[in-house]
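**Student:** Right, I'll just put the structure down here and ask away after.
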Amino acid sequence: MPNTEVGEIAHEQEFVDRAYEVLDRQRAQFRATQRQAEAQGAWGTPQARTERDVTAAHYGDRAARLERIEDRLVFGRLDNDDQSTMYVGRAGLKSPDGTRLLTDWRAPAATPFYQATGLDPQGVARRRHISTRMRTVVGVEDELLNSEKATHLQFQGEGALMAAVGAARDGHMGDIVATIQAEQDRVIRADTKGVLVVQGGPGTGKTAVALHRAAYLLYNQRERLERSGVLIVGPTRAFLRYIERVLPSLGETGVVSLTMGDLLPGFSAHEIDPPAVAQAKGNLAWIDTLKNAVRDLQRLPNEDVVLHLHGRKATLTIDMVRAARTRARRTGKAHNEARDSFALELIDGLATQLASGETDADTLAWWRDIVRESKDARREINLCWMPTTPTTLLSRLYARPDYLTRVNRGLSTEQIDLCRRAPGEPWAIADVPLLDELDELLGYSSTLTRKSAPHLAAEHSHNEEIERAQAAISGQDLGGGLVDAETLARLARGEEEWKPLSERAREDRAWAYGHVVVDEAQELTPMMWHSLLRRCPSRSFTVVGDLDQARGNRPSSWYETLGPAGPGLTEECVLTISYRTPRTLTDLAQNVQEALGYPAHFPVVAARDLPDALAMTQTNDLEAETQRVLEIECELLDESVGEGLGQVAIILSEERARTWGLQPEVKAQRVSILTPLQAKGLEFDVTILVEPSEILTGGPGDLFVAMTRSTRRLHAVHAQELPAGWTGQVADN
Ligand SMILES: Nc1ncnc2c1ncn2[C@@H]1O[C@H](COP(=O)(O)OP(=O)(O)OP(=O)(O)O)[C@@H](O)[C@H]1O
């Protein structure tokens, strides 16, 4: 290392030490304030107790956020033409004298760190990337933006970027805050209302960008989003585990991450339908069909029904039922909820008949109890307005195509047939939006969900405790939605334990999120979009995906893919540089797609290449050879990144996994065995592709996904011929 760099490193170390000192002090202060508030105990006026809760929760949260920021607190410095200097880091910090010490990467002032170029220096003379390992500065890298060289810069902070993309993987995605590139930064900071689509080929950083955008929005719209929350929807639980550390490392907690299969609280679906079945279940015609199926539960009897109760007779007439049904429907309530008023009216009518002219309140009440307790009366009323649950009704519709056909409103016969399912079979992910729709139609008393927050809020809307809580929140000017007035009021009454917003949102099917991020969005069906739109009335979405990686039929446009969310589409951005996969592999994967008749709509260019990125082994004994190749690749990885480090995936078709008796899953250990579907969104240092032509049977999207997961090397093991476009490219090893 040259002396000048040693001197610069020492200089930056001084600054970094100071920044950590301030960070440590700030954390300690927040914790102390929280403890102080808690120490006030459970006495004092209700107002004082509420203020104490607000203060403790607020400072506890702020401390927790800062405590998660540890590694690479400071990563950039801008020296401007006007001689000013600005340090950029993970959080904004002020010196004890109140002057700005560190600028949060999300602040407008930090934009030039990511976007200034030689052609457009934005007032920056020098941009410095500071590399640290925990609290120690290990390197600096400068770009002089007013130099001739700067006009040819392809990447910002190329050294830091290449070190980041070349680092061994540990099974968890890291943040990219120190090396965000200009095209990514524009997406992260996009001032888009409505649906923002980020299209990008494999490895272009869509997931990274989406998560950093969530952090950016939480910073810039904190007041709104802390009250309502941010929902992240990912393809699999393994994927959500893979990304779970990114937002906390950016100082953001409290985001809800779910797969579509886990969207409904207390319910989980894992099965993956074949694409045609998922498509049938994704048809928007289900909205009217299900509405009709629920209406169909509100029936008129074929004839008047005579009931014998307590030695007297009463008749449940068709007219009585019709009138009660009309009135119950007019309440606009969901089916199970409206049933109460329907049943009450009929019970009243029957009791009046049974009282035979007696009109005093006690007599009528007595007869009402008789009707209520009568099994026969209950059965007849239920037959006219059958309470049910989403799973019961959907099971019946799937199991009985004749029934589904009768209530159908727009599904094709073929689709009805595709959806056929025996009762008791496990639920599939594509069923979740239909159950969600039914839960909405049947009402909150159905079995899937608990009461929604809006309901509770309405019930207590005039409650003075809420007003007091509201006053405490605004009186202390703490902002944010960490503690909302209704929750505080319930806390004060001892009705609820303290829970962070993310937990409350996760448990509430009717929660309205302020922003929704959808990853691998090309896989969602129109019904899934319908469910997500319900969860975000403001229609504020960041949607990331790749049409070229879609399963089944490749959609031709994002507008079409978004289904009912399409009209909200306000901006489409395209990312073009792949940071994950070496050029040899991205080029090969795109060649194969083209030869198969599916040229990439959105081709990518790899940021780098590596020698020996591709290997192929042909064999007659696939199983033994895969084992041998795995051993070789692990040894090679030991040599290149260190003993036991790095991640390896064996990717094979579902059929092959079954034949070999394997249970594919993402492992915490070094080696995972996966189907292409499970590998979606993930990455590994090395991938071993078993029989690529078999993987292709799942569709060209599956093979494209499988071929683009590795950061270093892909090794194909095959007995059959390799797919078109592959052979002829490179000779077998
Ligand atoms: N600016 C960057 N600096 C450092 N690493 C980056 C940058 N952009 C992307 N990466 C890395 O590239 C890899 C791919 O990113 P990511 O998973 O977000 O891509 P993707 O577009 O979602 O891919 P796919 O469609 O295959 O799921 C990740 O390891 C990510 O950290």
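Laboratory data are not the source of any read-out in this text; all were calculated from the coordinates shown. Nothing here was measured: the structure is a model prediction, and the numbers come from that model. For neighbour counting, all protein chains shown are included, and Cβ atoms are generated from backbone atoms with ideal geometry for every residue, glycine included.
**Student:** Rounded to the nearest 0.05, what FRET efficiency do Thr315 and Glu271 give with R0 = 41 Å and r taken as the Cβ-Cβ distance? Could you check?
**Tutor:** Numbers: r = 48 Å, r/R0 = 1.18.
Given R0 = 41 Å and the Cβ-Cβ separation, E is 0.25.
**Student:** Run the helix sum for the chain: -39,500 (n - 2.57) per DSSP H stretch of 4+ residues, divided by residue count, reported at 222 nm to the nearest 500 deg cm²/dmol.
**Tutor:** Working: 31 runs with 323 residues, N = 733.
Helices in the chain give a 222 nm mean residue ellipticity of -13000 deg cm²/dmol.
**Student:** Going through the cross-link list Lys206/Lys291; Lys313/Lys333; Lys281/Lys333; Lys206/Lys667, which pairs have a Cα-Cα distance over 28 Å in this structure?
**Tutor:** Working: Lys206/Lys291 37 Å; Lys313/Lys333 32 Å; Lys281/Lys333 26 Å; Lys206/Lys667 23 Å.
Listed pairs above 28 Å: Lys206/Lys291; Lys313/Lys333.
**Student:** Can you classify segment 608-718 as rounded, prolate or oblate using the Cα gyration tensor, where a ≥ b ≥ c are the square roots of its eigenvalues, rounded means a/c under 1.5, and otherwise it's prolate if a/b beats b/c and oblate if not?
**Tutor:** Details: a/c = 1.41, a/b = 1.32, b/c = 1.06.
The shape class here is rounded.
**Student:** Sequence neighbours fewer than 8 away in the same chain don't count; with that in mind, list the aspartates and glutamates whose C-alpha is under 13 Å from Lys94.
**Tutor:** Of all the aspartates and glutamates, those that pass the test against Lys94 - Cα under 13 Å, at least 8 places apart if same chain - are Glu21, Asp24, Asp104.
**Student:** To one decimal place, what Kirkwood hydrodynamic radius in Å is obtained for segment 150-307 from all pairs of distinct Cα atoms?
**Tutor:** Values: mean 1/r = 0.0509 Å⁻¹.
Averaging 1/r across every pair of different Cα atoms and inverting gives 19.7 Å.
**Student:** In what sequence do Asp439, Asp376 fall when counting other Cβ within 10 Å, fewest first? Could you put the intermediate results ahead of the total?
**Tutor:** Numbers: Asp439 23, Asp376 14.
By the 10 Å Cβ count, ascending: Asp376, Asp439.
**Student:** While we're here: Going by Cα centres, segment 534-550 and segment 290-362 are how many Å apart?
**Tutor:** Between the Cα centres of segment 534-550 and segment 290-362 lies a distance of 45 Å.
**Student:** Given just the C-alpha atoms of the chain, how large is their convex hull per residue in cubic angstrom?
**Tutor:** Details: hull volume 142.1 nm³, N = 733.
Hull volume normalised by residue count: 194 Å³.
**Student:** Also: What is the fewest-to-most order of His515, His270 by other Cβ atoms lying within 10 Å of their Cβ?
**Tutor:** Details: His515 23, His270 13.
Lowest to highest Cβ neighbour count: His270, His515.
**Student:** Give or take rounding to whole Å, what are the principal axis extents of the alpha carbon atoms in segment 257-386, in descending order?
**Tutor:** Cα spread of segment 257-386 along its principal axes, largest to smallest: 63, 31, 25 Å.
**Student:** Let me ask another. With a 10 Å Cβ neighbour count serving as the proxy for reagent exposure, in which order, fewest first, do Arg133, Arg77 appear? Show your work: numbers first, answer last.
**Tutor:** Details: Arg133 10, Arg77 20.
Exposure proxy ranking, most exposed first: Arg133, Arg77.
**Student:** Would any residue of segment 112-144 have its amide N under 18 Å from a label point 7 Å out along Cα→Cβ of Asp81? List them or say none.
**Tutor:** Zone members listed by number: 112-128, 143-144.
**Student:** Out of all DSSP beta bridges with both ends in the chain, state the antiparallel percent to the nearest 5. Intermediate results must be reported in sequence, preceding the final value.
**Tutor:** Working: 27 of 73 bridges.
Counting DSSP beta bridges with both partners in the chain, the antiparallel share is about 35 percent.
**Student:** While we're here: Distance from the Cα centre of segment 68-116 to that of segment 590-666, in angstrom?
**Tutor:** Taking the Cα centre of segment 590-666 as reference, the centre of segment 68-116 is 41 Å away.
**Student:** While we're here: Provide, in order from the shortest bin, the percent of all Cα-Cα pairs of segment 209-274 in each 5 Å bin, continuing until the bin that contains the maximum pair distance.
**Tutor:** 4, 15, 26, 22, 16, 11, 5, 2, 0
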